[in-house]
Amino acid sequence: MRQTIVFIAALVLFVLLIVLLFFFGRTINKMTLTTRTVDQENVKPNAYHFVLISEQFDNPYWRSVEQGAQDAAKERHVTLEYMGPFRSNIDDHLKILDQAIAAKVDGILVQGLNDSLYAPVINKAIERGIPVITVDTDAPSSRRLSYVGTDNYQAGLDLGKEVVRILRGKGRIAIITGTFGTTNQEMRVKGIKDAVRDADIQIVSIRSSQISRIQATEQTNQILSAYPDLDAIVGTSATDALGIYDAVKERSNTHLKIIGFDDLTQTLTLLNEGKIAATIIQKPYWMGYRAVNLLADVKEGKTIQPRVYTGTQILERKDVIGR
Ligand code: BGC
């Protein structure tokens, strides 16, 4: 009798554990993948269904790319679904790309975050007749139809020259970069290194923010503990300069310059206040807008250009003051 009770209790506990694991798995899944489709008027029931896959769903830079893509989708009468991992993570990003291919969507816009990892998956989509355009980050060895975005090496080079100008050719700097192992970030860092090579500028540390403002602050604190009198810290993804600022504002190193990427509202405010020395802006809205238009052109049988650079611009305080 006693043995039976113990057995039943163990069985109940086991079933409970399975149920808990099931719900835990579902929650984790929800946390890593988020998706949004905007209700559009004028979209026919059999309209093309495109997806845009971002590095991080709720990132303000990607919201601009999505806005441009949604505006173009409206004009071209297609449905655009916006998807992305909750946190930047190449495995989750690739999984979403794979799911879009399995769902047989009509076209995909995706970052080619790492050429060798993405080329086989992008090629699989092409073999199945799904056109793919890379946005923001190219996967040049894949069979993607076009790349729409920044010339990332050139942007790094331009930013590096700006660092040389601001520091008058001399100083010690550190770099906070988005994610190690992603092509766009690596190209930007390479550009900065090449630009400062001939100046009297030493890069003492390069750390990753993993596309997180909080991590950028954390990494900056560690860098400043090791090198308290650095001359500048450069951020190479959209929220890095903000994270760097959060760490620097608590310290007394007043001569340290912050140089960043992109034009998030808060970045422009800090630039205006003289707390960020300069930023290089990309055109995320136009990336989304152009890329959806190109996909729609492909569907109409048109030939498209293999590469569309959307351009960048260096912004200094004098460019935004009073704006
Ligand atoms: C990059 C994107 C990245 C974003 C993150 C931008 O500068 O171009 O690839 O996802 O920063 O905040």
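Observations, loosely collected:
- Residues of segment 228-244 satisfying the condition of being open to solvent by 10 Å² or more (accessible area, probe 1.4 Å), under 11 Å from Leu256 (Cβ atoms) and modelled with pLDDT of 95 or more: Asp231
- Odd one out for Asp263 among (1) closer than 30 Å to Gly107 by Cβ; (2) open to solvent by less than 50 Å² (accessible area, probe 1.4 Å); (3) within 16 Å of the ligand (Cβ to nearest atom): (2)
- Residue pairs whose Cβ atoms lie under 7 Å apart, separated by 6 or more positions or on different chains, with the first residue in segment 101-112 and under 11 Å from Val51 (Cα atoms) and the second among the hydroxyl-bearing types (Ser, Thr, Tyr) and open to solvent by 10 Å² or more (accessible area, probe 1.4 Å), are Asp106/Tyr48; Gly107/Tyr48.
- Listed conditions (1) open to solvent by less than 60 Å² (accessible area, probe 1.4 Å); (2) more than 16 Å from the ligand (Cβ to nearest atom); (3) assigned to a loop (DSSP other than H, G, I, E, B) are all met by Arg143, apart from (1).
- Those residues of segment 228-247 which are closer than 15 Å to Pro60 by Cβ and touching a residue at least 40 places away in the same chain (Cβ under 8 Å), in sequence order: Gly235, Ser237, Ala238, Thr239, Asp240, Gly243
- Note on segment 146-163: among residues that are within 14 Å of the ligand (Cβ to nearest atom) and aliphatic (A, V, I, L, M), the one that is farthest from Ala296 (Cα to Cα) is Leu159.
- Considering Gly181, Gly149, the condition of being on the phi > 0 side of the Ramachandran plot and surrounded by fewer than 21 Cβ atoms within 10 Å (Cβ to Cβ) is satisfied by Gly181 alone.
The values are calculated or read from the model by the stated rules, or taken from the named source; none is laboratory data. What you are looking at is a predicted structure, and each value in this text was computed from that prediction instead of being measured. No Cβ is skipped: glycine too gets one built from the backbone with ideal geometry, and neighbour counts run over all protein chains shown. Protein only, heavy atoms only, side chains kept; ligands, DNA and RNA dropped before computing areas. Shrake-Rupley method; radii C 1.70, N 1.55, O 1.52, S 1.80 Å.
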